[in-house]
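Read the figures in this text as sums done on the coordinates, not as results from a lab. Everything numeric in this text was worked out from a predicted model, so none of it was measured. Reconstructed Cβ throughout: ideal geometry from the backbone, glycine too, with neighbour counts over all protein chains shown.
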């Protein structure tokens, strides 16, 4: 293999997948001295923000594999990894995959009590944790022994590592989990080939803009990070991974590390949009890559206004101010975003448009009765793609409940227009049917408010059915300095004017709240189920605003 055709050869290799990409590349001996992965923390004496070459990465992973093997870990053993640092998550995943064990990556932001229940359901052979997370688990029953502190894994001798396990395409190779916004996170099993399918697809295409130097601002325990690591390794791309996804942390990393592309979730884009981006040096950024929930127009527009991109013109390739934003819709279970749409400062297709399906994805819109719906009709998103996870670990009931007519039901409500573009309106669990038969879509309502109320950085719409009555609360987080610039009554009128009439009729209050009072899952998603439960108990976040029902009563 040579540097000119290695991407095509890797794409055509049927044995390649997320279980053996690193060991395969090291064995081929191409680009061993090239920088590969960079972490934001020191690991094994290697300084933070100093790149590991491919050879160094292979050595560090082999050292960990040797230690794990000495601790008794064998092929097909599920092992939970509950840590904070991206370096510990990624290196542990690669070392366990080297052995043929199955890493179950646990987001470090999951509270100890919840993590203990989750690990207990995994029925793993052991837990790898750092000191902080071992303390989190203390006092909680997991039925799983702590194997040791991850800080000691690198002490093994690389030469003592067992031969790399021979992975097969449909075998489970890593377990990640859902966001847990509706309860205990669900354990999702991915195969050797499923998480690699999108990487294989991209290897068969020309290398895109931004695929030289990428910053991964994704939760390290997420399936998206596993994909990003393999995408970087196989494309000979430098990838830096940050352990926290806060807006200031990501902006600091952009300024210091100078990536061409930044990978992240919607929650991070919201935080970035709330910062003074003009005061930051973001000229290196050509593209923002979003996965998970689709991003809001208000946040996308602020991001594409910075950075620069290359554009083909009649005069050749020219650099223009402003960046690309590649949006879509994905989830842990989907294994990769199934749609894509590219925004620039000049584009104007928003309204929660998630674009068109990738070439590898077969998607449909399905009614509650199982009928495949046509253009303009809202229904559940069904996906059939090689990227799909195998199912839920130790939970066949949920696995088969989410399958219908050969499609995985994602839990998202969407529709497509006559041009073939798809639009996301809500999660099925958050939408509410109104007494007149109309539907209230909370995510679509949030999009309308953010797009039409420029002083609002973030909002959460909570719709609760209590008997025959639907009551909606709009919780607002203003942009910096905007909290008191608009009178409460005027802000409420602005919000109601942004909403569809049948939605506005249900709004009981419009409140500015402290963002710290909004409950979030470990990946930054709002836990609307918990907010609805709190509403019924009279415990919704308190803030300054307008109680519209009280105003209506006083008017009578």
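Seen against the Cα atoms of the chain and their longest principal axis, helix 488-498 is set at about 70 degrees.
Residues 340, 324, ranked from the fewest to the most other C-beta atoms within 10 Å, line up as 340, 324.
From least to most packed, judged by other beta carbons within 10 angstrom and beginning with the fewest, 407, 421, 400, 82 follow the order 400, 421, 407, 82. Rounded is the label for the stretch 157-245. Its Cα gyration tensor axes, ordered a ≥ b ≥ c, give a/c under 1.5. When both bridge partners sit in the chain, DSSP labels roughly 60% of those beta bridges antiparallel. Computed on the Cα atoms alone, the convex hull of the stretch 1-121 gives a volume of 126 cubic angstrom per residue. Relative contact order of the stretch 6-244: 27 percent, from C-alpha pairs under 8 Å at least 6 residues apart in sequence. Structural descriptor for the chain: relative contact order 11 percent, calculated from alpha carbon pairs under 8 angstrom and at least 6 residues apart. Between residue 348 and residue 433, the distance separating the two model label sites (each 7 Å from Cα on the Cα→Cβ line) works out to 3.8 nm. Using the Cα gyration tensor of the stretch 432-555, with a ≥ b ≥ c the square roots of its eigenvalues, what is the shape: rounded (a/c below 1.5), prolate (a/b larger than b/c) or oblate (neither)? Since a/c stays below 1.5, the shape of the stretch 432-555 is classed as rounded.
The angle between the Cα long axis of helix 112-122 and the main principal axis of the chain comes to about 60°, on a 0 to 90 degree scale. Annotation: the residues 458, 297, 489, sorted from fewest to most other C-beta atoms within 10 Å of their own C-beta, follow the order 489, 297, 458.
Compared with the rule-of-thumb size 2.2 N^0.38 Å for a compact globular protein, the chain has a Cα radius of gyration ratio of 0.98.
Relative contact order, whole percent, for the stretch 432-555 stands at 24, derived from Cα pairs under 8 Å and 6 or more residues apart. Against the chain, whose longest principal axis is taken from its Cα atoms, helix 223-234 shows a tilt of about 50°. Of the beta bridges in the stretch 432-555, as assigned by DSSP with both residues counted there, near 75 percent are antiparallel.
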